[in-house]
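Asks: Take this structure first; my questions come after.
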Amino acid sequence: MSFRFLSPAALRTTGYAGVAALVAAVAILPFFPSPSVTYAMGLILQIMLFVYLAQAWNIAGGFAGLFSLGHSAFFGLGAYSYAIGVAKYGLDPTICFLIGSVLAAGLGVVTAVISTRLSGMFFAMVTLGLNEILLNLASQLTWLTNGDAGTYLRKQFTVSAGTAYYLFLALCIAIFVLAALVRHSKLGTMCVAVKENEAFARALGVNPAPWKIAAVVISAIATAIGGGFFAMYQGIVMPTMVFTFSISIKMLIVTMIGGVGTLWGPLVGAFLVLFDELVRASLGATFGGVSLIAYGAILVFSALFLPKGIMEAVRRHLLDRSARHG
């Protein structure tokens, strides 16, 4: 019996075909209106948001190994740049996205420079601290952000749920194309080399700094753009809505469970968001904090049995089967 269909090339072809079919199914779903479809679209929209954000995190955290706990800082900068720009100053939305991207890139350079001096959990704690600084600034600068009351957007600067659905679908496709281009470019190769063994890379004459900075800046800009579209969909931006640890940790968990540093890991891991919503809908009213308990249980299971994520476990299993059967 031939197992040629389990070859790496065949697996890639099957994966692309499966993703194409999934995208097509998601795209046509709104053409069958019903209450259940409307509910499903709401869940899928949340999944797509975290597919996008997790893949943006993966460019820095997965490819370059820069373990960030404060990526919501970039998300919040993008959201506030859009909200303040259109609500307070009447700027064109494109200009607002550009401002958010520039601010996120600047903060990305700062965090990347820090990464050249700190590593591991020290770097993670610094990124978390930067996010907390922005959270407090957003709460205190009421003349600019309206503080905890939030910045509201006029209707002409927001989009409906149906439009947001297709916007986030387009964003997911775009971020996967971007991630694939980065991963298979010289930037991706150098980032992985530095992540795997930075000392050895330095011994070969590789300066890690510019590669780390480039990865973080790309990741930061992509995350900020997601924040801008989130603000456009929500119609309101509040400090605790965007500069929140829960967004950063969801990006991290989704990527870890799917497979850090893999192209398809964020897509697989993002279905954890669906699990979270279903658990909260069915048990949230009875057992407070049940979704956090579920997250903890999944993380423990993943650390014990899937330390490199679902995609890596599946890949190894299929390749082992292929090797055993010739």
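The values are calculated or read from the model by the stated rules, or taken from the named source; none is laboratory data. Everything numeric here is computed off the predicted structure, so don't read it as measured data. Cβ placement follows ideal geometry from the backbone for every residue including glycine, while neighbour counts extend to all protein chains displayed.
Asks: Have a look at 261, 205 and point out the one that is on the phi > 0 side of the Ramachandran plot, touching a Ser or Thr at 6+ places or on another chain (Cβ under 9 Å) and of a type in the set (Gly, Ala, Ser). Steps first, please.
Replies: Numbers: 205 fails: touching a Ser or Thr at 6+ places or on another chain (Cβ under 9 Å).
Sole residue among the options that is on the phi > 0 side of the Ramachandran plot, touching a Ser or Thr at 6+ places or on another chain (Cβ under 9 Å) and of a type in the set (Gly, Ala, Ser): 261.
Asks: Considering only residues that are under 28 Å from residue 37 (Cβ atoms) and over 18 Å from the mean Cα position of the chain (by Cα), which ones fall in the stretch 149-197?
Replies: The answer is 153, 155, 156, 157, 158, 159, 160, 161, 162, 163.
Asks: If you check every pair at least six apart or on different chains, which have Cβ atoms under 7 Å apart with a residue in the stretch 33-46 that is of a type outside the set (A, V, I, L, M, F, W, C) first and a residue that is assigned to a helix (DSSP H, G or I) and exposed (fewer than 14 other Cβ atoms within 10 Å of the Cβ) second?
Replies: none
Asks: Just to check your reading of the model, which residue among 269, 227, 261 is touching a helix residue (DSSP H, G or I) at 6+ places or on another chain (Cβ under 9 Å), of a type outside the set (Phe, Trp, Tyr) and at pLDDT 95 or above? Explain how you work it out, then say what you get.
Replies: Details: 269 fails: at pLDDT 95 or above; 261 fails: at pLDDT 95 or above.
Sole residue among the options that is touching a helix residue (DSSP H, G or I) at 6+ places or on another chain (Cβ under 9 Å), of a type outside the set (Phe, Trp, Tyr) and at pLDDT 95 or above: 227.
Asks: Looking only at residues that are of a type outside the set (Val, Ile, Thr) and touching a strand residue (DSSP E or B) at 6+ places or on another chain (Cβ under 7 Å) in the stretch 124-152, which one is surrounded by the most Cβ atoms within 10 Å (Cβ to Cβ)?
Replies: So, considering only residues that are of a type outside the set (Val, Ile, Thr) and touching a strand residue (DSSP E or B) at 6+ places or on another chain (Cβ under 7 Å), the one surrounded by the most Cβ atoms within 10 Å (Cβ to Cβ) is 150.
Asks: To continue, here is another question. Please go through the stretch 234-269 and give me each residue that is assigned to a helix (DSSP H, G or I) and among the aliphatic types (A, V, I, L, M), ordered by number. I'd like the intermediate steps shown before the answer.
Replies: Here is the first cut: in the stretch 234-269, the residues assigned to a helix (DSSP H, G or I) are 234, 239-242, 245-258, 265-269.
If the condition is that a residue be assigned to a helix (DSSP H, G or I) and among the aliphatic types (A, V, I, L, M), then 241, 242, 247, 249, 251, 252, 253, 254, 256, 257, 267, 268 are the ones that fit.
Asks: Read through the list (1) surrounded by fewer than 24 Cβ atoms within 10 Å (Cβ to Cβ); (2) among the hydrophobic types (A, V, I, L, M, F, W, C); (3) over 25 Å from residue 195 (Cβ atoms), then give the number of the only condition that residue 121 fails.
Replies: (3)
Asks: Within the group 151, 142, 158, which residue is under 20 Å from residue 236 (Cα atoms), without any contact (Cβ under 8 Å) to a residue 60 or more places away in the chain and of a type in the set (Ser, Thr, Tyr)?
Replies: Working: 151 fails: without any contact (Cβ under 8 Å) to a residue 60 or more places away in the chain; 158 fails: without any contact (Cβ under 8 Å) to a residue 60 or more places away in the chain.
On inspection, the qualifying residue turns out to be 142.
Asks: Being surrounded by fewer than 16 Cβ atoms within 10 Å (Cβ to Cβ) and either touching a Pro at 6+ places or on another chain (Cβ under 7 Å) or more than 26 Å from residue 202 (Cβ to Cβ) (or both), is that true of even one residue in the stretch 67-88? Please lay out each step first, then the result.
Replies: Applying the first criterion (surrounded by fewer than 16 Cβ atoms within 10 Å (Cβ to Cβ)) to the stretch 67-88 yields 88.
Going one step further and asking which of them are either touching a Pro at 6+ places or on another chain (Cβ under 7 Å) or more than 26 Å from residue 202 (Cβ to Cβ) (or both), we end up with 88.
Scanning the stretch 67-88 turns up at least one residue that is surrounded by fewer than 16 Cβ atoms within 10 Å (Cβ to Cβ) and either touching a Pro at 6+ places or on another chain (Cβ under 7 Å) or more than 26 Å from residue 202 (Cβ to Cβ) (or both).
Asks: Now for a separate question. For the stretch 184-233, give me each residue that is among the polar types (S, T, N, Q), free of Cβ contacts under 8 Å to residues at least 12 places away in the same chain and assigned to a helix (DSSP H, G or I). Walk me through it before giving the result.
Replies: To start, the set of residues in the stretch 184-233 that are among the polar types (S, T, N, Q) comprises 185, 189, 197, 207, 219, 223.
After this cut, where a residue has to be free of Cβ contacts under 8 Å to residues at least 12 places away in the same chain as well, the list is 185, 189, 197, 207.
Scanning the stretch 184-233 gives a single hit, 189.
Asks: Given the criterion over 18 Å from residue 194 (Cα atoms), of a type outside the set (Gly, Ala, Ser) and modelled with pLDDT under 95, identify the matching residue among 102, 126. Steps first, answer last, please.
Replies: Values: 102 fails: modelled with pLDDT under 95.
126 is the lone residue from the list that is over 18 Å from residue 194 (Cα atoms), of a type outside the set (Gly, Ala, Ser) and modelled with pLDDT under 95.
Asks: Read through the list (1) at pLDDT below 95; (2) on the phi < 0 side of the Ramachandran plot, then give the number of the only condition that residue 168 fails.
Replies: Going through (1) at pLDDT below 95; (2) on the phi < 0 side of the Ramachandran plot one by one, residue 168 breaks only (1).
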